[in-house]
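Worksheet: one structure, shown below.
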There are 2 protein chains.
Amino acid sequence: MTLDDLLNNTGEWIRCTGPACDIVMSSRVRLARNLANYPFSHWASKKEQETVLWTSKESILSLKKLKDSLFVEIGKLDSIDKQFLVERHLMSKEHMIDAENKGLSVGQDEVISIMINEEDHLRMQVMKSGFNLKEAWQIINDIDAELGNSLDFAYSMDFGYLTACPTNTGTGMRASVMLHLPSLVMTKQIGKVLQAITKLSLTARGLYGEGTEASGNFFQISNQVSLGHKEDDIIDNIDRIIKQIVDHEQSARETLLAQNREALEDRIWRAYGTLKSAHIITSTETIDLLSLARLGVDLGVIKQADRTLINELFVITQPAHLQKLEKKKLSPNQRDVKRAEIIREKLGKQ
Amino acid sequence: MTLDDLLNNTGEWIRCTGPACDIVMSSRVRLARNLANYPFSHWASKKEQETVLWTSKESILSLKKLKDSLFVEIGKLDSIDKQFLVERHLMSKEHMIDAENKGLSVGQDEVISIMINEEDHLRMQVMKSGFNLKEAWQIINDIDAELGNSLDFAYSMDFGYLTACPTNTGTGMRASVMLHLPSLVMTKQIGKVLQAITKLSLTARGLYGEGTEASGNFFQISNQVSLGHKEDDIIDNIDRIIKQIVDHEQSARETLLAQNREALEDRIWRAYGTLKSAHIITSTETIDLLSLARLGVDLGVIKQADRTLINELFVITQPAHLQKLEKKKLSPNQRDVKRAEIIREKLGKQ
């Protein structure tokens, strides 16, 4: 598998095959691990980083599930390819910076991805379509166990897994779901929901994790605490809370339809019409309009498109994706034109 | 011909058959005439008004050109029918009020219309598609002469035709054109143009004449002075000035296309997309979007619609038209839904 193959092979989450994938775009579990006897990435010498990279790579590629995976050295990628991987949620923004000796492995369907020499030596992620944290946890738990056979992870009997940042110490786990909550936003209930989440030791972030604003009515919700709780308990806790939010969004949708169907349909169709018509469109407007179009598909208002297509449009209309599709660097204005062209083309085929 | 036939028979100007009808929607010439020996309408007794109405009706219907015309007594119409005639530019708003003894005659293709007992006993109008004041003037001049054979018009050797309001005295003529000037508006040149017009003794008004705001980039331009000039000179003068404005709009369109084609096409397509998609739409938004769609058709950007269709949509999406099409009274909200439905249906057929 090469990096460019990702452009044609849509990730599993894009195909919207998982449970409740109308509201829950994807479920992710991430584990932070470090090799014993080596300083954390930021404190390690180039030589040490290099050893961590090649040692980890060997172990990763020997895993059955990652045998035919993509492996890239981030330092060898141009800025568009790096951005492209961030846009696909396969690596963090931080992983783009000071890229020497950083690596990334991506498995089939983009379900498994492992960053090497990010903040921690290993940051493993499993991303599944829909509301499916438990399966994601099982997969990543298996990988963790297998890797633990060949790699010696830094572990303390007192604290658990040791990590570069103390907030990750313990399980080293972060579980998160990407929720699409347009109706809670429209009915102005989202504020209360987010407040409640914080009280339950969860955090809400935007589309690209820490430090990003919520846009397109997407909220990434994850656990804040990784120490002092068992992994299963953390997963159970977040699972239970997310279920409530999903139910809440569902009933907000029903309320909107019952009380204000015409106005809602008008907003949805106008968004869809603009997507099908615009010749210049920014990424911000695209996300907002696709959010409404996705709601339209969920509600059965729009029948000419499906969730897979809308999800795909969310992904491929991002700046680096556009430039890879066009096979050249594009200015922001050129991207706005290309973005509109691709959206028209994809929606026009329906 | 009945009043409801107008709903199906589009007026000549709607079919956009006249010269320069891309920029000049229609040309109109109006003559004010009063019967000698009767007080002006507002000062006349009911009995006198009645005599004026029936005397005029007889003369009008004996004209060859108005033989099969529609004749309605305004006082017998409900408020929707009255508004409907105003929306079609066949009579003035003022003609709706205190409607007893008021009449209206409308000829084939809505080219000729004559109000009886408006401010003046007779207000005759000829409206032609495109930039065609001279033909409009010829037609109305013939009608005036023919009517003068059977009716005794109030005329003074010193002042010319006498009218209820002194601003109309003399020729009793007002010539006007309805211009669509989106590019002069977009390039912010319209202010200067309108200033220049005023200096040349012309007035600019909105879609429905005196006291209405310009909307949808439509400007109705007419002569201010009717006294002390020959009719032909007034027509020549306005004709010459309008020609310059038309050229100006034309070159503004070319400039916009040359300098900013992508942004212009984007605006046009978005407007068209919204028209094709909206499920609730106000008349103000409709006019603005149709204005852009019309520009799109003029520029060859939109090929799926033609000017006739866009002109028709301008007309039939008006409140009274919607209610006549639906055959019942509609609330403003219901009209916004019906309007969107009709637009989608008409544009969807293309």
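Computed quantities for the displayed model
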quantity: Matching option when the condition is open to solvent by less than 40 Å² (accessible area, probe 1.4 Å), under 19 Å from the mean Cα position of the chain (by Cα) and under 28 Å from A:Thr169 (Cβ atoms), among A:Ser105, A:Ser56; calculated: A:Ser105
quantity: Condition met for A:Leu322 (within 21 Å of the chain's Cα centre (by Cα) and farther than 28 Å from A:Ile140 by Cβ); calculated: yes
quantity: Members of the range A:284-318 found to be open to solvent by 40 Å² or more (accessible area, probe 1.4 Å) and over 19 Å from A:Leu181 (Cα atoms), listed by number; calculated: A:Lys303, A:Gln304
quantity: Residue match in the range B:155-171 (condition: surrounded by 21 or more Cβ atoms within 10 Å (Cβ to Cβ), in contact with a helix residue (DSSP H, G or I) (Cβ under 6 Å, 6 or more places away or on another chain) and either modelled with pLDDT of 95 or more or more than 21 Å from B:Val315 (Cβ to Cβ) (or both)); calculated: yes
quantity: Any chance A:Ser222 is more than 14 Å from chain B (Cβ to nearest Cβ) and touching a Lys or Arg at 6+ places or on another chain (Cβ under 8 Å); calculated: yes
quantity: Scan of the range B:128-137 for residues that are open to solvent by 20 Å² or more (accessible area, probe 1.4 Å), touching a helix residue (DSSP H, G or I) at 6+ places or on another chain (Cβ under 9 Å) and assigned to a helix (DSSP H, G or I), ordered by number; calculated: B:Lys134, B:Trp137
quantity: Subset of the range B:1-42 that is among the hydroxyl-bearing types (Ser, Thr, Tyr) and not in a strand (DSSP E or B) - its residue that is farthest from the chain's Cα centre (by Cα); calculated: B:Tyr38
quantity: Filtered residue count, the range A:241-264, keeping only those that are facing another protein chain (nearest Cβ under 8 Å) and open to solvent by 40 Å² or more (accessible area, probe 1.4 Å); calculated: 1
quantity: Elements of type helices (runs of 4 or more DSSP H) in the range B:275-341, at least 3 residues being within 14 Å of another protein chain (Cβ to nearest Cβ); calculated: B:283-298
quantity: Test: residue in the range A:138-148 that is open to solvent by less than 10 Å² (accessible area, probe 1.4 Å), more than 16 Å from A:Ser176 (Cβ to Cβ) and in a helix (DSSP H, G or I); calculated: yes
quantity: Flag if B:Gln125 is modelled with pLDDT under 95, touching a Ser or Thr at 6+ places or on another chain (Cβ under 8 Å) and either open to solvent by less than 40 Å² (accessible area, probe 1.4 Å) or within 22 Å of B:Ile74 (Cα to Cα) (or both); calculated: no
quantity: Number of the exception - B:Asn8 against (1) surrounded by 17 or more Cβ atoms within 10 Å (Cβ to Cβ); (2) without any contact (Cβ under 8 Å) to a residue 60 or more places away in the chain; calculated: (1)
quantity: Residue that is modelled with the lowest pLDDT, among those in the range A:179-214 that are within 26 Å of A:Ala293 (Cβ to Cβ) and surrounded by fewer than 15 Cβ atoms within 10 Å (Cβ to Cβ); calculated: A:Thr212
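For (1) outside any helix (DSSP H, G or I); (2) more than 15 Å from the chain's Cα centre (by Cα); (3) crowded, with 23+ Cβ neighbours inside 10 Å; (4) in contact (Cβ under 8 Å) with a residue 12 or more places away in the chain, each residue gets a yes or a no:
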{"site": "B:Glu48", "(1), (2), (3), (4)": "no, yes, no, no"}
{"site": "B:Thr51", "(1), (2), (3), (4)": "no, yes, no, yes"}
{"site": "B:Ile60", "(1), (2), (3), (4)": "no, yes, yes, yes"}
{"site": "B:Val72", "(1), (2), (3), (4)": "yes, yes, no, yes"}
{"site": "B:His95", "(1), (2), (3), (4)": "no, no, no, yes"}
{"site": "B:Asn101", "(1), (2), (3), (4)": "yes, yes, no, yes"}
{"site": "B:Ser113", "(1), (2), (3), (4)": "yes, no, yes, yes"}
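The values are calculated or read from the model by the stated rules, or taken from the named source; none is laboratory data. Keep in mind the model is a prediction, meaning the values are calculated, not measured. Don't worry about glycine lacking a Cβ; one is built from the backbone with ideal geometry, like all the others, and counts go over all protein chains shown. In case anyone asks, the SASA skips ligands and DNA or RNA and just uses the protein heavy atoms, side chains included. Shrake-Rupley method; radii C 1.70, N 1.55, O 1.52, S 1.80 Å.
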